[in-house]
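Any read-out appearing in this document is the output of simple, stated calculations on the displayed coordinates, not a laboratory observation. Note that the structure is a prediction, hence the values are computed from the model and not measured. Cβ sites come from the backbone with ideal geometry, for glycine too, and all protein chains shown count toward neighbours.
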Amino acid sequence: MNDKLSIKTCPTCGSDKIQLVVKDVTRKYKGQTYTVPAMEFYECPNCGEKVYDKVAMQKIEAYSPAYRHEHALAEA
Ligand SMILES: [Zn+2]
């Protein structure tokens, strides 16, 4: 089984220009911005749609303040 997402067309606009890119992604959570480095995801140059696979989502969660379970209590 291949866990990797393979996308040929954009789910939003149907463009076949969508492609796999590796970029730092800056996201916002409750007014707090955080950066997930070297994220691998599909990006559509036509409509700007971004598609994250399961591995990418886990990486976002690992960096997101929303999911910061272990480190949150350390400074209390
Ligand atoms: Zn698109």
The long-range amide H neighbours of residue 18, using H built 1.01 Å from N in the peptide plane and a cut-off of under 5 Å, are 10
What distance in nm lies between label points placed 7 Å from Cα along the C-beta direction at residue 24 and residue 61? 2.5 nm
Place the peptides 40-46, 53-59 in order of packing, highest mean first, counting for every residue the other Cβ atoms within 10 Å and averaging per peptide. 40-46, 53-59
Under a 5 Å amide H to amide H cut-off, with H placed in plane at 1.01 Å, what residues pair with residue 49 once short-range neighbours are removed? 44
HN-Hα J couplings of region 54-61 from phi, Karplus 6.51/-1.76/1.60, θ = phi - 60°, integer Hz, Gly and Pro as x? 4, 5, 5, 4, 5, 5, 4, 4
